[in-house]
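Peer 1: Following this message is one structure expressed as structure tokens.
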Amino acid sequence: MARRASSSVHPIWIIACVILLFAAIAGGWLLYRNVSDPYRTLTPLDVPAYLENANSLRGNVYKISVTVDTQLAWSPTVGRLYSVLIDGKSDVLPVLIPARFNQLNIQKGQRYFFKIEVGDKGILRAQDVRKV
Amino acid sequence: MLELRNISLTAGRATDLLLDDISARFPQGHLCAVVGPSGCGKSTLLKVIAGVRQPQSGSVHWEGRDLEQHDLEPHEIGYVPQFSIAFDLLNVTESIETALRLRVGGLDESVLCERAVEILADVGLSEIADRRVRVLSGGQKRRLALALEMVSSPILLLCDEVTSGLDAKAEDEIVQLLRKLASAHEDEPARTVLSVTHSLRHLDSHDSVAVLFEGRLIYHGAPELLLHYFSLDKQEELFPSLARRSAGAWHASWQKHRAAYQAAFVNAEQIVARAEAEPVENVPAEEPWKPPEIPTRPVEFMCPHFSDQFKTLLKRRWRIFFRDGGQLALQLALLFGFPCLVVIFAWDGLPQIQNLTSSGNVVQQLLETAAFTLQSSRVASLVSGLVMFQVILLTLIGSNNAAREIAGERAIFEKEKFAGVRPSSYVLSKAVFLTTLVAAQSIWMAVFVNTICRFPGDMLAQSLILVLVNGAMTAVCLGISSLTKSAEHASLVCVYLVGFQLPLSGAVLALPHVIAWFTRPFIAAYWGWSGYLQTMRDTRFYDVVQSISQTELSPFALCGWVLLCHIAGGLLVAYLGAKTSRWD
Amino acid sequence: MKRCVKFSLTAGLFLAAPLFAQVPDAPAPAPPAPTAAQASSPQQSKFLGGDVPMFNPGTEIVTWDGHNWNINNNRLFEARFEKYLNAPEETTEQDKQYQAILRTILDKLAPEHLTTKSVDEAFRLLPRASNFDIDARLCDGLADAVYSAWRAQDASDRLAQANDALEQERKAAEWNAKVTAESGKLDAAPPAKDKDASSEWAKEQDLKRTMRMQPYTTRLAEILGTIKTNQAKKELSLLQAKIEFQALLVQLFFQRRFQHVLIGTHFYRAVFTNGDTKLEVGKDTKDMFQKSTGMPPTVGTMDALANEAIRDVREGVQAFRFLLQQNELESASKRLAEAFAIGEYLPELRTLPRDEKRRVLEFSQKSYQLVSAIEVKDYALAEKLVKELSTTAKDFDTSKPMAAIETARTVSAMHLAKARNAAVSGDKTTLETELKEATEIWPRNPALAEISGAIFSQGDVQQKALVDLDQLLSQHNYRQIYDDKLRFIAASAMYPDRQEQLKKVLDQMQIIETAIIQAGEIRKRGDYAGAWETLERAFKQFPDDSKLNQLRANLTTEAADFVRTLRTAEQLEEKDQIGSSLAWYLKAQKLYPGSEFAQDGINRLTKKVLPET
């Protein structure tokens, strides 16, 4: 055993450091997952299925990560209709942002997470909006 | 009694022997002068005895116990190194008091002060008690060093060239002091004092002289027998006479005569007989020699509590901080100057962004997109640049905060650690001290920039992230400081670390994904930049930065987590580094 | 000037030659004394029935009696010249003998050798020369003329003696008349105061005188008349002989028998020694001589002219031979033709080698052929001949014939172009006029047959086109109408109702074609979706066009994604699945941002989602 004056780090500390490191990484990963996807528990919208037959998905709630493309129409009472690009795909979907989100300054090019409901006639309505 | 048994120490290769089979005994109440030509291993021997160096073979025993197995307590051993072990900006009294607080626990304030006065009186520094260490003379510093070791009243005192560079009078005084320290008197027990010295003038004041030559002990005996043994007329001829024979011959010769000279420690007649040939001072009495009675120390010796050490260290650090004009000025300059640098680029605030319209024909949309891209790239560059500028400046500040923090006083810390200061207390005091600086710097940066430039976003969150990024860099640099050998080395590494922050952050140029995945977790600047931008999430600035930047932005919480991990890691490394002995 | 004189004379001789022509193998005609008298009679005012021929050496055209002849392009001349060129050279022994005889005759009649004996010897050689075929009995004629002259001279001597006797009688008659006139007394003088009575008295006295002289006057008149008659008879016989001789000389001169002319003139001088060599010829002939030579017509003139002609021919032959050596066939032919025109019977010409004449013949034949081709406006042949001639003869001037050929070709082509245009525009009148003009200018123009054939067939084509148009209109096969629009436009030019229908169809097709072109251009840029949409819009208007359908089908394949997307969107819209339909329209718009169909769909569906917008 080394004298007190010439003691070095005990290997236990190295192990502890490694464990802590892994713990930090794991914690970060979990945090990232939780934070990066606010709708973690929701299912992503099956875009091909929606395009094929929206009625089959009527009433379901999904999540989508989009980039705002164009504002198609606007009504002060009903809300705003946007065309959005699905992240990672080449699909474009119309999403109706209800009037309760009118305070949001939604601009072209912005990325959002939408919690959407497939409504009547296949119209997608946003239930929640969060910026990516 | 201190006993050295066949101590051998090599430098690196087996052939580079620093100490070669040294065996000796040093009783209590014994002052031994360890002499020899330069580089013969005197200081090394002391370090081996202190435990600073580990011998390849042999052992050191104290009172019959192997110190390898059961080392001396911090308060039992005192080691006065060659380097200064006091902070220049403290005065003598503060140094002593601090040392008392750090090494001796259970003392209330009055007792502590009293003790300090005693110690000062013992070492003869009472008259300059309020003088700063910086202005002390060499001899005074040696006295102070001795005084600092005396706070815990060690029974083994190792002095490494405490008289070097002193004039004759000062040397004489020191030797007398050592003599006094070695002898038991009043409440002070007898100590074993080993004093490495170059001077041969006061050998007679010592109980024994150990002569080392090329790592070998070639003589350990009474000073009066020295001349006889080496066939010298004068003590000053010792070193030149050593050249007559090789170290091995001398060692072999000593091996033959060692027993006799050691027995001389107990045979006064032989000593007297020898002294008839040459009068020798301090000839032991005719009785068979026996170790003098050593008054036992009070069993209760309290090591200071962790918190006491922490508080003392912290208090000392603040005191030094405020007394260091240069450092203070630098910190103020950084504190106020860097934010000014940032606001220069956005004095008029951030430009607003004209949004894209969704209507119009394709050509019009394309033109708008092009104009928007141009505009947004400008704004995004400005915003991102300002944020990153703040972050980088804060990392620079953090580096400046901590780079020299431990490395700059490592020797003193090692000494203090040797004397019983806990590394944890030490690191914690550093952490708290730096945290205060970090908080002030970062919060001021955030508030100042936010106020002047009207930066959008939550100021609290921005302050937090800046504190974290500054803290992360500070902690990491503190860790580096505790690992590196010198302050300059630490500064250099920290500067490089800061230098790599910007390019590896991805804020300016996106790193390849593979590299980014590997390096990004370690780049505090990225997390600070990303976290800061997340505070502007609800603004268009965030959008344009996100659209222009090829580096993805991480969530605020994750940024905070990573930075906290940096802080924790840095502090952990600092602690581990502090725990590691680094006497060089 | 001399050349002009020479050619005038030559032209005159040449033109007169057909009347006096004596081909070598033809028998000699009877002495053409009456003919010569007729010819020389001034009462017959015209020269050989027409004006005096005038020759322009610049153009080589002889103008006579209102007609123009190229001296080198006269059929008669051509024929004779050609015959000469084909004839072998007269270098046989007989020919040489004949020439030798003529030379001997001339030599004997030469002034330096002229004696009665030489004249007789020369006279004796005449029948010998006449034995040769080439002489054509001309020497016999000369001999007869000389003999007649000598006989006339004998008769005139007797008449001279008779006149001497009559002269003496005349003189006596005149003396008697004179005496009678002087012896008669006249009555008493008239009263002087009365003029009328005086005049009456004078008249009465004259009457009385005349009555007394009448018998003598009558006799005198008889004697004078007889003297005159005898004189006339004498002169007449001598004159007749001279005239006959002169006529022979003139005939020989006109026959271009210059050797015989020289022989004749020498004999004339030898026979008629009074020095009177004036030719007693008609006024016209005299005028011609005067105008041509500037001298009164005399035997000497004829002698000189004959010598001149002989010399000229000799020089002409020399020139010909030289030019032939230089391969300048045109000039050589001309020189030979000129020499031939002048002295056809001269030995210089008769002895020319046949090979040389053959070359000239070939050139001449081609020249004549060229002239004929140009005359008949066969410019293709003319051009061919020009090329051949320019190859054969170095000095052949191609500019004139080529100018004529090119001019004719160009003008003909212009008229044909006009005719073509007129045919296209339906202007029949202009068409016929221009075709006629073109034909007149160059009847054998190869393009003429082709174009006129095409044009003439156009009339048939037009009817057919109209029938086709009606049929296609009834079938609504507008594509076919459009493809053949030119034909139908041309055919319906005269039919306003059909024009109206055609216009409507073409307008529609224009829209389709424009769309097709636009689609093509868009497609070239790689924008298949845009091209498809362009065609789709046109298809909605005109779904029956086959080409449009075909292209649309092709583009449907090339822009399959876009078309499929759009179709899906439309289908979902029909099913009232607004959300997904809108998504498909958006997708289509993404595939082709300029898509109007997609935009319309989006607008419709957006209105359904947010009706208040």
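Peer 1: Name the pairs whose Cβ atoms lie under 9 Å apart, with the first residue in the range A:23-49 and over 21 Å from A:E117 (Cα atoms), the second surrounded by fewer than 12 Cβ atoms within 10 Å (Cβ to Cβ) and of a type in the set (D, E, K, R), and 6 or more positions between them or separate chains?
Peer 2: Listed pairs, sorted by first residue: A:R33/A:R40; A:N34/A:R40.
Matching residues to (1) within 14 Å of chain A (Cβ to nearest Cβ); (2) farther than 30 Å from B:E236 by Cβ; (3) among the acidic types (D, E):
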residue	(1), (2), (3)
B:G29	no, no, no
B:V48	yes, no, no
B:D108	no, yes, yes
B:A116	no, yes, no
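Peer 1: Here's another thing I want to ask about it. Can you name the residue in the range C:410-443 that is among the basic types (K, R) and surrounded by 15 or more Cβ atoms within 10 Å (Cβ to Cβ) and, of all such residues, is modelled with the highest pLDDT?
Peer 2: Taking the range C:410-443 and keeping what is among the basic types (K, R), we get C:418, C:420, C:428, C:436.
Then keep just the ones that are surrounded by 15 or more Cβ atoms within 10 Å (Cβ to Cβ); that gives C:418, C:420.
Working: C:K418: 89, C:R420: 84.
Of everything passing the filter in the range C:410-443, C:K418 is modelled with the highest pLDDT.
Peer 1: Taking the conditions exactly as written (within 11 Å of chain A (Cβ to nearest Cβ) and more than 28 Å from A:L30 (Cβ to Cβ)), does B:T484 satisfy them or not?
Peer 2: On the way: within 11 Å of chain A (Cβ to nearest Cβ): no; more than 28 Å from A:L30 (Cβ to Cβ): yes.
Taking the combined requirement at face value, the residue does not satisfy it.
Peer 1: All but one of (1) away from chain A (no Cβ under 13 Å); (2) of a type outside the set (S, T, N, Q); (3) within 14 Å of B:A145 (Cβ to Cβ) hold for B:E94; state the number of the condition that does not hold.
Peer 2: (3)
Peer 1: I would also like to ask the following. Taking B:Q365 and the conditions (1) within 30 Å of B:L341 (Cβ to Cβ); (2) among the polar types (S, T, N, Q); (3) within 10 Å of another protein chain (Cβ to nearest Cβ), which numbered condition does it fall short on, given that it satisfies the others?
Peer 2: B:Q365 satisfies every listed condition except (1).
Peer 1: Any idea which of (1) under 26 Å from the mean Cα position of the chain (by Cα); (2) surrounded by fewer than 20 Cβ atoms within 10 Å (Cβ to Cβ) is the one B:A574 doesn't satisfy?
Peer 2: (2)
Peer 1: Further question on the same structure: For B:C340, work out the one condition from (1) within 30 Å of C:D600 (Cα to Cα); (2) exposed (fewer than 12 other Cβ atoms within 10 Å of the Cβ) it doesn't fulfil.
Peer 2: Only one criterion is unmet by B:C340, namely (1).
Peer 1: Can you list the helices (runs of 4 or more DSSP H) found entirely within the range C:479-541 that contain at least 3 residues being in contact (Cβ under 8 Å) with a residue 12 or more places away in the chain and farther than 25 Å from C:Q589 by Cβ?
Peer 2: Here the list reads C:485-491, C:496-524.
Each row is one residue, and each column tells you yes or no for (1) farther than 21 Å from B:L497 by Cβ; (2) buried (at least 21 other Cβ atoms within 10 Å of the Cβ); (3) of a type in the set (D, E).
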| position | (1), (2), (3) |
| --- | --- |
| B:R316 | yes, yes, no |
| B:R319 | yes, no, no |
| B:Q331 | no, no, no |
| B:N355 | yes, no, no |
| B:V387 | no, yes, no |
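Peer 1: List the number of the failed condition for B:Q546; all other conditions in (1) within 30 Å of A:I106 (Cα to Cα); (2) of a type in the set (S, T, N, Q); (3) out of contact with any strand residue (DSSP E or B) (no Cβ under 8 Å at 6 or more places or on another chain) hold.
Peer 2: For B:Q546, the exception is condition (3).
Peer 1: Has the range B:520-531 got at least one residue that is within 12 Å of chain A (Cβ to nearest Cβ), free of Cβ contacts under 8 Å to residues at least 60 places away in the same chain, charged (D, E, K, R) and not in a helix (DSSP H, G or I)?
Peer 2: no
Peer 1: Now, a different point. Only one of A:D128, A:D87, A:D69 is touching a strand residue (DSSP E or B) at 6+ places or on another chain (Cβ under 7 Å), acidic (D, E), away from every other protein chain (no Cβ under 12 Å) and in contact (Cβ under 8 Å) with a residue 24 or more places away in the chain. Can you tell me which? Walk me through how you get there before you give the answer.
Peer 2: Details: A:D87 fails: away from every other protein chain (no Cβ under 12 Å); A:D69 fails: away from every other protein chain (no Cβ under 12 Å).
It is A:D128.
Peer 1: I'd like to check something: does the range A:97-107 contain any residue that is within 8 Å of chain C (Cβ to nearest Cβ), crowded, with 17+ Cβ neighbours inside 10 Å and at pLDDT 90 or above? First the steps, then the outcome.
Peer 2: Step one: of the range A:97-107, the residues within 8 Å of chain C (Cβ to nearest Cβ) are none.
Scanning the range A:97-107 turns up no residue that is within 8 Å of chain C (Cβ to nearest Cβ), crowded, with 17+ Cβ neighbours inside 10 Å and at pLDDT 90 or above.
Peer 1: Let me ask you something else. When the residues of the range C:599-613 are filtered to those that are part of a helix (DSSP H, G or I) and within 7 Å of another protein chain (Cβ to nearest Cβ), which remaining residue is nearest to A:S56 (Cα to Cα)? It would help to see each step written out before you state the result.
Peer 2: Kept after step one, since they are part of a helix (DSSP H, G or I), are these residues of the range C:599-613: C:599-609.
Among the residues that remain, those that are also within 7 Å of another protein chain (Cβ to nearest Cβ) are: C:602, C:606, C:609.
Values: C:I602: 22, C:T606: 22, C:V609: 19 Å.
Only one residue fits best here, namely C:V609.
Peer 1: A further question on this structure: Looking at the range A:101-123, can you tell me whether even one residue there is over 23 Å from A:D37 (Cβ atoms) and acidic (D, E)?
Peer 2: Yes: one or more hits.
Peer 1: Next question. Can you find a residue in the range B:547-569 that is out of contact with any helix residue (DSSP H, G or I) (no Cβ under 9 Å at 6 or more places or on another chain), free of Cβ contacts under 8 Å to residues at least 24 places away in the same chain and either assigned to a loop (DSSP other than H, G, I, E, B) or surrounded by fewer than 17 Cβ atoms within 10 Å (Cβ to Cβ) (or both)? Step through it out loud before you land on a result.
Peer 2: Here is the first cut: in the range B:547-569, the residues out of contact with any helix residue (DSSP H, G or I) (no Cβ under 9 Å at 6 or more places or on another chain) are B:550.
The next check asks that each one be free of Cβ contacts under 8 Å to residues at least 24 places away in the same chain; those that pass are none.
No, the conditions are met nowhere in the range B:547-569.
Peer 1: Given the conditions (1) crowded, with 23+ Cβ neighbours inside 10 Å; (2) within 14 Å of another protein chain (Cβ to nearest Cβ); (3) in contact with a helix residue (DSSP H, G or I) (Cβ under 7 Å, 6 or more places away or on another chain), report the number of the one that B:K415 does not fulfil.
Peer 2: (3)
Peer 1: Check the range B:501-510 and report whether any residue there is within 14 Å of another protein chain (Cβ to nearest Cβ), closer than 21 Å to B:S381 by Cβ and not in a helix (DSSP H, G or I). So that I can check it myself, show each step before the final result.
Peer 2: As a first pass, look at the range B:501-510 and keep what is within 14 Å of another protein chain (Cβ to nearest Cβ): none.
No, the range B:501-510 contains no residue that is within 14 Å of another protein chain (Cβ to nearest Cβ), closer than 21 Å to B:S381 by Cβ and not in a helix (DSSP H, G or I).
Peer 1: Can you tell me which condition C:M509 does not meet? The list is (1) within 28 Å of B:L366 (Cβ to Cβ); (2) more than 13 Å from chain A (Cβ to nearest Cβ); (3) surrounded by 14 or more Cβ atoms within 10 Å (Cβ to Cβ), and all the others hold.
Peer 2: The single condition C:M509 does not satisfy is (1).
Peer 1: Considering only the range B:315-334, I want to know if a residue exists there that is in a loop (DSSP other than H, G, I, E, B) and either in contact with an Asp or Glu (Cβ under 7 Å, 6 or more places away or on another chain) or touching a residue at least 40 places away in the same chain (Cβ under 8 Å) (or both).
Peer 2: Yes - at least one qualifying residue is present in the range B:315-334.
Peer 1: Also, quick follow-up: Select, from C:S372, C:S364, C:S390, the only residue that is exposed (fewer than 15 other Cβ atoms within 10 Å of the Cβ) and on the phi < 0 side of the Ramachandran plot.
Peer 2: Numbers: C:S364 fails: exposed (fewer than 15 other Cβ atoms within 10 Å of the Cβ); C:S390 fails: exposed (fewer than 15 other Cβ atoms within 10 Å of the Cβ).
Only one candidate passes the filter, namely C:S372.
Peer 1: Got a number for residues in the range C:569-598 being within 12 Å of chain A (Cβ to nearest Cβ) and over 15 Å from C:W532 (Cβ atoms)?
Peer 2: As a first pass, look at the range C:569-598 and keep what is within 12 Å of chain A (Cβ to nearest Cβ): C:569, C:571-573, C:575-591, C:593, C:598.
Subset that is over 15 Å from C:W532 (Cβ atoms): C:571-573, C:575-587, C:590.
Qualifying residue count for the region: 17.
Peer 1: Sticking with this one: For the range B:358-454, which helices (runs of 4 or more DSSP H) that fit wholly inside it have 3 or more residues that are of a type in the set (V, I, T) and touching a residue at least 40 places away in the same chain (Cβ under 8 Å)? Break it down stepwise before answering.
Peer 2: Values: elements: B:362-402, B:410-418, B:423-453.
It comes to B:362-402, B:423-453.
Peer 1: Whether any residue in the range B:217-232 is of a type in the set (D, E), more than 28 Å from B:L107 (Cα to Cα) and at pLDDT 85 or above is what I want to check. Please lay out each step first, then the result.
Peer 2: Start the filter on the range B:217-232 by keeping residues that are of a type in the set (D, E), which leaves B:224.
With more than 28 Å from B:L107 (Cα to Cα) added as a condition, the list becomes B:224.
Retained after the next criterion (residues that are at pLDDT 85 or above): none.
Checked against the condition, which is being of a type in the set (D, E), more than 28 Å from B:L107 (Cα to Cα) and at pLDDT 85 or above, the range B:217-232 yields no hits at all.
Peer 1: Is there a residue in the range A:46-66 that is within 14 Å of chain B (Cβ to nearest Cβ), hydroxyl-bearing (S, T, Y) and surrounded by 18 or more Cβ atoms within 10 Å (Cβ to Cβ)? Let's see the steps before the verdict.
Peer 2: Let us first name the residues in the range A:46-66 that are within 14 Å of chain B (Cβ to nearest Cβ), namely A:65-66.
From what is left, the residues that are hydroxyl-bearing (S, T, Y) are A:65.
Of the ones still in play, those that are also surrounded by 18 or more Cβ atoms within 10 Å (Cβ to Cβ) are A:65.
The answer is yes; a qualifying residue exists.
The values are calculated or read from the model by the stated rules, or taken from the named source; none is laboratory data. Keep in mind it's a predicted model, so treat the numbers as computed, not measured. Here Cβ is always computed from backbone atoms with ideal geometry, including for glycine, and neighbour counts include all displayed protein chains.
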